[in-house]
1. Kindly indicate whether any position in the stretch 315-323 is part of a loop (DSSP other than H, G, I, E, B) and within 23 Å of the chain's Cα centre (by Cα).
2. Identify the single condition in (1) on the phi < 0 side of the Ramachandran plot; (2) touching a helix residue (DSSP H, G or I) at 6+ places or on another chain (Cβ under 7 Å) that GLY332 does not satisfy, given that it satisfies every other one.
3. Examine the stretch 85-98 for a residue that is open to solvent by 40 Å² or more (accessible area, probe 1.4 Å) and part of a helix (DSSP H, G or I), and state whether such a residue exists.
4. If you take the residues of the stretch 334-363 that are among the hydroxyl-bearing types (Ser, Thr, Tyr) and closer than 17 Å to ALA380 by Cα, which of them is most open to solvent (accessible area, probe 1.4 Å)?
5. Which of the following residues is in a strand (DSSP E or B), open to solvent by less than 20 Å² (accessible area, probe 1.4 Å) and not hydroxyl-bearing (Ser, Thr, Tyr): ARG121, ARG128?
6. Taking SER192, is it under 19 Å from the mean Cα position of the chain (by Cα), among the hydroxyl-bearing types (Ser, Thr, Tyr) and open to solvent by 50 Å² or more (accessible area, probe 1.4 Å)?
7. Which condition number does GLN101 fail, the rest of (1) free of Cβ contacts under 8 Å to residues at least 40 places away in the same chain; (2) under 30 Å from GLU205 (Cβ atoms); (3) open to solvent by 70 Å² or more (accessible area, probe 1.4 Å) being met?
8. Of the numbered conditions (1) buried (at least 18 other Cβ atoms within 10 Å of the Cβ); (2) among the charged types (D, E, K, R); (3) without any contact (Cβ under 8 Å) to a residue 24 or more places away in the chain, ASP76 satisfies every one except a single condition; which is it?
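The values are calculated or read from the model by the stated rules, or taken from the named source; none is laboratory data. If you're wondering where the values come from, they're calculated on a predicted model, not measured in any experiment. Using ideal geometry, Cβ is built from the backbone for each residue, glycine included, and neighbour counts are taken over all protein chains shown. When the accessible area is computed, the model is the full protein with side chains, heavy atoms only, and any ligands, DNA or RNA have been set aside. Shrake-Rupley method; radii C 1.70, N 1.55, O 1.52, S 1.80 Å.
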Amino acid sequence: MGELREFVAEVLERRGAAVEAVEPDGLEVLAPEPLRKALGWSEFTRLGFGAQRPEQAIPVGLEGDWLDRFGALLGDDGRWSERQLSGGPASCGDPQRILEQGLDLPNATWRFHGATATFTRCLVLAFRYTALSDEKREGLVWLGFNVATGAVIDDIVARMRRLLPHEADWQAPDAEVRAAADRRWDGATLESRVRPALDARVRSELAPFLRAMRRRLERDRDRVHGYHDDLRRTSLKRLAALARAEGEKAESDRRRETMRVSAIEREYRAKLDDLRRNYALRVTVDWVQTLELYVPVQRFEVLIRRRKGERLIWIDWHPLARAIEPPLCEAGPGLDRTRLVCDDKLHLVAPAGHAPCTSCGKAFCRACHPAACPRCGTAAKSGAGALN
């Protein structure tokens, strides 16, 4: 709980409170009037963050609504920032060998043309997802993009984020560095790049949760079916035994059993409806934070060849992470390294972005034809799907 206590202490101090750490694992807070109104505290308050707390301390933890309450105090502070990581563009050694390890083009060839030391702007975006069904799952996903090349660099950004705590000073971008990386995405471009990658990442994060939920649903559905099927079978056997009986009592028994079968079937359908409502899944995703990192890179210029067509692309090698980024993906999330090159415009797409049409079987480029198959007109579907 030490990190949580430090976070709360910093937030409260930024809002004008006098804060002192006390043991075991607590804080004493002298809060100004606006802070007291926002949190419903008295002027002097003790907070406890561990299993052992100071006497008369309010317990504070990750559960409950504490993070939301402290988040409301922060408002939009820290939602966006920019930072330059120290160090100039370092030498990368053998670019040809690096590209051979990081560039996977099964249906095209490539040639290295040269390397340039420069800086680039990387977008680091954090999103909070909440999945609510019979149980609840929450979490954070981080996305990374190189704005200059358009590449998805989640793994590289994860390595660079681990470097941030070791940078003692927060350095704003120098004018020269900002000029070297002077490129931004407009809102439409940002949404078109973020949405497929975010959908894919959230689906991947929720996959274990969904598998467990489906197992529970199947278990409950089988239990409900087994119970009502036994009741129905018993009533049907009684009806079969009464089929040849005559008289008013037999007719009354047949009507009763028929009504019982109908009631069992209605109850079974109602129970299935209850299960559908109980296990209905709702996923919400909210933007939390954006960090613009200005980082040194070695920019490789690569010539792509497909049949008689040629195209120049740029791929960055990141010395701070000692890693090369995957190539730009122009259709789909682009979370892996394999790219196919289309014949018409030499688009680089993930294999799902050049998959066969589900109707006619013709493979086509989703960057060239994002809406529908050019042969049969069947609507194209995203490989990652969409989250509502």
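1. So the first thing to find is which residues in the stretch 315-323 are part of a loop (DSSP other than H, G, I, E, B), and the list is 319-322.
Adding the requirement that they be within 23 Å of the chain's Cα centre (by Cα) leaves 321.
Yes, the stretch 315-323 contains a residue that is part of a loop (DSSP other than H, G, I, E, B) and within 23 Å of the chain's Cα centre (by Cα).
2. Checking GLY332 against (1) on the phi < 0 side of the Ramachandran plot; (2) touching a helix residue (DSSP H, G or I) at 6+ places or on another chain (Cβ under 7 Å), the one that fails is (1).
3. Keep residues of the stretch 85-98 that are open to solvent by 40 Å² or more (accessible area, probe 1.4 Å), which gives 86-89, 91, 93-94, 96-97.
Going one step further and asking which of them are part of a helix (DSSP H, G or I), we end up with 96-97.
Yes: the stretch 85-98 contains one or more residues that are open to solvent by 40 Å² or more (accessible area, probe 1.4 Å) and part of a helix (DSSP H, G or I).
4. Within the stretch 334-363, the first condition is being among the hydroxyl-bearing types (Ser, Thr, Tyr), and the residues that meet it are 338, 358-359.
Then drop every residue that is not closer than 17 Å to ALA380 by Cα, which leaves 358-359.
Numbers: THR358: 119, SER359: 80 Å².
My answer is THR358.
5. Residue meeting the stated conditions: ARG121.
6. On the way: under 19 Å from the mean Cα position of the chain (by Cα): yes; among the hydroxyl-bearing types (Ser, Thr, Tyr): yes; open to solvent by 50 Å² or more (accessible area, probe 1.4 Å): yes.
The answer is yes for SER192.
7. Failing condition for GLN101: (1).
8. (1)
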